[in-house]
Every structure is written in structure tokens, then in C-alpha cells.
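The structure appears right after this line, and notes come after that.
The values are calculated or read from the model by the stated rules, or taken from the named source; none is laboratory data. All values derive from a computational prediction rather than experimental measurement. Virtual Cβ from ideal backbone geometry, glycine too; neighbours counted across all protein chains shown.
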Amino acid sequence: MGLLWGDIMKRIPVLDKGWVQLEECMGGDEAVIRGARICYQSHAQSPEDDVRLIRRLMKSEPKHNTVFEHAVFRWGVKCPIFVARQWMRHRIGSFNEKSLRYCAASREYYVPVDELHTDEYIRHMEAGFDLYEKLIAAGWKKERARAVLGLGVYTEFIWTVNAWSLMNWLTKRIHPSAQWEHRQYALGVLQLYEEAMPITAQAFKEFVLKQVV
Ligand SMILES: Cc1cc2nc3c(=O)[nH]c(=O)nc-3n(C[C@H](O)[C@H](O)[C@H](O)COP(=O)(O)OP(=O)(O)OC[C@H]3O[C@@H](n4cnc5c(N)ncnc54)[C@H](O)[C@@H]3O)c2cc1C
């Protein structure tokens, strides 16, 4: 079935310098089946029974959502700070982010394509980094000097989240009303999710995502 603990990390490039990577995956489709079958004390007569069960659970109303919470992922993400700000509004999950109190910011920022005034934008970002480095050289603490940097600067974080909460994030961030840059990350995660939990992800695409995209 899907990926299991210990499988090699998979990374997908996103935007000009970012990426999303699947670092660990616990449970997969099997964990959903276990969660559901303990409720009914039932056993599959064939592999197709398990597929049918997951598809039924994905469609059921009201949702039997907790069965999807037994599959858990840890993702690694490199994205612009403005995308991370939006991402971390999703409370059901755990985050740890690179600290700009303790680490110096890398001179890496997102440059949108097909926009006017890109040169001016780059000059502004470069000037921000020039000032940042000048302030630190003059004795400023990194935690204060960072205030001059823009929201397009890249950050890194890890995110541990269960499959139910992941699908909530995917539904909201693949939605056409979500910011384009955030959508690119959601599409990358969806691709890896399909590899890790093929049955659940397929049912999710058919019965949930199709309604919103
Ligand atoms: C297109 C878009 C635009 C947005 N614009 C803004 C904006 O301008 N400003 C802004 O502040 N936010 C904005 N948001 C963030 C949005 O309000 C949500 O905070 C974010 O999408 C997380 O969704 P969530 O609460 O479902 O996810 P999670 O926080 O992961 O929560 C998952 C689910 O758990 C339950 N839950 C979690 N915490 C609580 C709680 N305290 N009480 C009751 N139930 C809870 C809810 O059922 C919730 O759906 C935007 C989101 C999107 C997708």
C-alpha cells in the first residue's frame, strides 16, 4: 500500500526556491482501516473490501472523521514567510520553525514571475538584507535586526499533522480562493499524499476535493 516509517524522504520543488518534503508517515491507509474495523469488529474478506470501506467513510454524513486521525505525517517545508503565516493558522497540527532569533537569515527571498517592477522589488529585498547585515555587524541582536526583512524571505519549518487535519488544510488551500503561492504548496503535498495513502487520497479527491476545485 502506501509509504511507511523509514521510507526515503521525498521532496518536491515549489516556487523559485522552496520545497515540500515528506519526512515520515505513520499508519497510512491501513491505520484508517484499523480505526474503522475496531468499531465494527469486522474483517475484510478481500482487499477490495478495505477499499470500499475507506470510500464509504470518506462519503459518509455525518463524518466518521476520527478514523482518519490514526495516520500521521511529518512534513518539511521551505516557503516564503507570508505562506508560513497562513499555514500556521491551521491549529490542529504541530509546528517548529527556523528561529531568526538564533539563526542568521539566509539571503533567500521569493521573486514572483510575470509581475511588473520585479527589478525594483529585488533591489528592495537586497537593500533589506544589506541593512540587516549592517545592523548585525554594528552589534544589533539578530532578533531585532530581522525586523527590516520582508515577508517574501524564505523560512523553514516542520509540520506534524494527522490525515484528517491534512485534508482540511488541502481543501482550504487548494481552493481557488486561496493565495496562488500557498496553492502550489498544497498541490505538492497532495502529490506526496497520494503516494503515501493512495486509497484515502483517491477517495478524498473524488468525494471532497472535486466539490471545491
Ligand atoms: C482563503 C482563506 C483566507 C483566509 N483569510 C484569513 C484572514 O484574512 N484573516 C485570518 O485571521 N484568517 C484567515 N484565514 C484563516 C482561516 O480563518 C482559518 O484560521 C484557517 O483556514 C484554518 O482553518 P481551520 O480552523 O479549519 O483549521 P484548524 O485550525 O486546523 O482547525 C481544524 C478544525 O478544528 C476545529 N477547531 C479548531 N480550533 C477550534 C476552536 N478554537 N473552536 C472550535 N473549533 C475548532 C474546527 O472544526 C476546525 O475546522 C483564511 C483562510 C483561507 C483558506
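Please find, among 143, 195, the residue that is surrounded by fewer than 19 Cβ atoms within 10 Å (Cβ to Cβ), touching a residue at least 40 places away in the same chain (Cβ under 8 Å) and closer than 30 Å to residue 34 by Cβ.
On inspection, the qualifying residue turns out to be 195.
Within the stretch 100-121, work out how many residues are under 17 Å from residue 147 (Cβ atoms) and hydrophobic (A, V, I, L, M, F, W, C).
Total satisfying the criteria: 4.
Can you name the number of the only condition in (1) in a helix (DSSP H, G or I); (2) within 16 Å of the ligand (Cβ to nearest atom); (3) buried (at least 16 other Cβ atoms within 10 Å of the Cβ) that residue 211 fails?
Every condition holds for residue 211 apart from (3).
This table checks each residue for (1) of a type outside the set (Lys, Arg); (2) away from the ligand (no atom under 16 Å from the Cβ); (3) within 20 Å of residue 209 (Cβ to Cβ).
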{"position": "59", "(1), (2), (3)": "no, yes, yes"}
{"position": "65", "(1), (2), (3)": "yes, no, yes"}
{"position": "69", "(1), (2), (3)": "yes, no, yes"}
{"position": "72", "(1), (2), (3)": "yes, no, no"}
{"position": "75", "(1), (2), (3)": "yes, no, yes"}
{"position": "81", "(1), (2), (3)": "yes, no, no"}
{"position": "86", "(1), (2), (3)": "yes, no, yes"}
{"position": "93", "(1), (2), (3)": "yes, no, yes"}
{"position": "96", "(1), (2), (3)": "yes, yes, no"}
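Scan the stretch 13-22 for residues that are farther than 19 Å from residue 200 by Cβ and part of a strand (DSSP E or B) and jot them down.
Within the stretch 13-22, 13, 14, 18, 19, 21 qualify.
Read through the list (1) touching a Ser or Thr at 6+ places or on another chain (Cβ under 6 Å); (2) at positive phi, then give the number of the only condition that residue 28 fails.
Here residue 28 clears every test but (1).
Mind checking which residues of the stretch 89-140 are without any contact (Cβ under 8 Å) to a residue 40 or more places away in the chain and under 30 Å from residue 164 (Cα atoms)?
Result: 89, 91, 99.
Return yes when residue 110 is hydroxyl-bearing (Ser, Thr, Tyr), touching a Pro at 6+ places or on another chain (Cβ under 9 Å) and away from the ligand (no atom under 11 Å from the Cβ) and no when it is not.
yes
Going through the stretch 69-78 one residue at a time, which ones are in a strand (DSSP E or B) and either touching a helix residue (DSSP H, G or I) at 6+ places or on another chain (Cβ under 6 Å) or of a type in the set (Val, Ile, Thr) (or both)?
72, 77
Exactly one condition in (1) over 26 Å from residue 97 (Cβ atoms); (2) crowded, with 18+ Cβ neighbours inside 10 Å; (3) in contact (Cβ under 8 Å) with a residue 24 or more places away in the chain; (4) not charged (D, E, K, R) is false for residue 165; which is it?
Failed condition: (1).
Pairs, please: C-beta under 7 Å, at least 6 apart or cross-chain, first residue not assigned by TED's automatic domain parsing to the domain that holds residue 66 and surrounded by 13 or more Cβ atoms within 10 Å (Cβ to Cβ) and in the stretch 30-43, second β-branched (Val, Ile, Thr) and at pLDDT 95 or above?
Between residues of the stretch 30-43 that are not assigned by TED's automatic domain parsing to the domain that holds residue 66 and surrounded by 13 or more Cβ atoms within 10 Å (Cβ to Cβ) and residues that are β-branched (Val, Ile, Thr) and at pLDDT 95 or above, there is no close pair.
Taking the condition under 30 Å from residue 63 (Cα atoms), surrounded by 13 or more Cβ atoms within 10 Å (Cβ to Cβ) and within 15 Å of the ligand (Cβ to nearest atom), does residue 171 pass?
yes
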